[in-house]
Amino acid sequence: MQIRLFQYNPFVISLILAVFIGLSGGAPAQDGCGSAVDAASVMSMSPDNGDSRAVKYMAVVLDRTGSMTQTRSTGNTRGEDALAAAKTGVVNFFDKVPNGRVVVTTFASSNFNYLTSGFVGEAEALAALDTLNGQTCTGNTRLADAIQIFCDYLETNAPTAPQDYRIMAVYTDGDENSSTGICSGPDSTIGPPPAGNYSTGSWQQKCWDYCLDKHTMNVVYWGLYRGGEEGFDPDTDIDTGRAVSDEAFFQDLSQSNGGTYVQCGDHQSLQLSLSPDQPIAGKMASFIVNDADPAEPVFLAYSTKGMGSTTVPMLNVTLDLDSPKQAGPSLTPDPAGTAAWTIKIPASAAGVTVWFQVVQGGQPEGKISNTANPIIVNEQAGVYRYDDGSSENLWGWSTGGDMCWMHAFDAVAGGETITSVQTMFGSFSFPGLSPGNGTACEVFIWNDPTNDYDPSDCILLASEASMVQNVDTDMLNKIMLSSPVTVSGVFFVGCVLTHGAGQYVAPTDETTSYVWGNAYFCGTTVPGGFDAGNLMANQFKPADIGNFWCLRGGY
């Protein structure tokens, strides 16, 4: 089978190049009319409380067994490349979660090692990984035991963290062969679909049940993959008679627990990473390739059918995708061999499983990357949203008062009747800084008569009094409107909460790439003085925040 990678056949709607400018707590913000707001005196971000804050925890689990000595097309062993990938994973984790904590672990035969003294910061985690440089991988693969042991470690040492705040990042070439613990068992004689469909008592069934809903599982799988034959051992390419491959199991395990699956075949030399790890339907996503030849263009391919084998003669390569298509234009890598696509994922792709791979031509043969296999995160049905479901910060007036946080949305067909506003109260990362449960609040719907995403001329359509609920949990609270309201074009939803000096009320999502003109704040330092009917009459007029709020509109 051949594909034409030079014909632009986009999975995406458009390629958008944007410059994102950050707004610091002490810099002047601009209101909707361009006048300055003194952010240093009237607006403050919540303070950094150091280790007292709730954080995200990640366990790096590295397979150091004998099969990881297999040499790849990069000239390195699986163990060497997996170690490099784990270091990159740690750096990316801390880029997204600066206050995160990581424990570094390895397994081989009966050795389950902790290379750090519990959870540590970025420098300590990278230093621990550096101790593995030059070390030989050896021993049997007690994979089921490793999954169970490190799953227990996360749960024991981060007991109050929700599932998406406990991440297990596993780097392995699979081939479970010697576990003896509570998750040990024979190979399953059946495999998915549907998810979790394994023989009772098999190690796959026990691991799947043991991990389900406990952690986010990110698996990077190293092997000899080419073609995806279910009954072939990934290390030897010998028919083992297994009904379910490691590839199928790890893909099921990771995606059933909200994580990602990456396939690193021994013939794959380019390195592809995604941000966010799980692209969101209707939102921007970045696809970054490293280790490319600066002299040759690179192409981003995708498939919705799965792994396969597709030859591209003009590039002298064979992709590991079934019926691949091109996403975005070809790019020229920089001198360091890096290129990045920033692409808007179609809203219609929600819930779709997609396989991504980067390809580059060359002589005598081209190069391909690992295959990244995420599920496009399904936008909650009947909800207008931007946030990713977790807060990273809180905003409020330094002297207290009425803070209003607002989002602009563009009405879609079938979503013209707004029935609710959904918002978080407080922040899981900053507990105790917001007014408590039962505090009065109010939500609003406005029409933007000029459809220009500028709230200065907004017309109030509806309001609903409510109260703070589930504070500091990052749970979205649905506030139903007594009388649903019809919208068209651009409209705004917002929430107003009165707070005191030293409190912070408006929760932000600061890990989702922001598009300017979608999120605003306004209000007054006079408690109860907010004017929802004329936003420009407020002491502080609408100003763009530079980050999305944890705020949604329901229909």
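Bear in mind that the values in this text are calculations on the coordinates, not laboratory data. Model, not experiment: these values are computed from the prediction. Positions of Cβ are generated from backbone atoms using ideal geometry, with glycine treated the same way; all protein chains shown enter the neighbour counts.
Note on Ser482 and Glu416: with the Förster distance fixed at 25 Å, the Cβ-Cβ geometry gives a FRET efficiency of about 0.85.
Taking a cut-off of 25 Å, what percent of all Cα-Cα pairs in region 51-373 are separated by more than that?
Details: 25389 of 52003 pairs.
Above the 25 Å cut-off, region 51-373 has 49 percent of its Cα pairs.
Couplings 3J(HN,Hα) of region 66-72, computed from phi: x, 5, 6, 8, 4, 7, 9 Hz, in residue order, whole Hz [Karplus 6.51 cos²θ - 1.76 cosθ + 1.60, θ = phi - 60°; x for Gly and Pro]. For region 446-452, 3J(HN,Hα) computed residue by residue from phi via the Karplus equation (6.51, -1.76, 1.60; θ = phi - 60°) reads 10, 9, 9, x, 9, 6, 10 Hz, glycine and proline entered as x. Highest mean first, the peptides 290-301, 327-338, 539-550 sorted by other C-beta atoms within 10 Å per residue fall in the order 539-550, 290-301, 327-338.
Taking all Cα pairs closer than 8 Å and separated by 6 or more residues, the relative contact order of the chain comes to 15 percent. Note on Rg and Dmax of the Cα atoms in Å: of the candidates [x] 25.1, 75; [y] 28.1, 92; [z] 27.1, 93, the value calculated from this structure sits at [x]. Net charge dipole, region 51-373: roughly 860 debye, given to the nearest 20, about the Cα centre with Cβ charges of +1 for Lys and Arg and -1 for Asp and Glu. Under 5 Å from the amide H of Val317 lie the amide H atoms of Val312, Gly366, each residue being 5 or more positions distant or on a separate chain, with H modelled from the backbone and absent for Pro and chain starts.
For region 349-358, the Karplus equation 6.51 cos²θ - 1.76 cosθ + 1.60, evaluated at θ = phi - 60°, returns couplings of 8, 3, x, 7, 8, 10, 10, 10, 7, 9 Hz by residue, with Gly and Pro reported as x.
Close amide H pairs (under 5 Å, H built 1.01 Å from N) link Tyr386 with Leu551, residues at least 5 positions away or on another chain.
Amide hydrogen proximity for Ala281: with H placed 1.01 Å from N in the peptide plane, the residues at 5 or more positions away or on another chain lying under 5 Å are Val377, Glu379.
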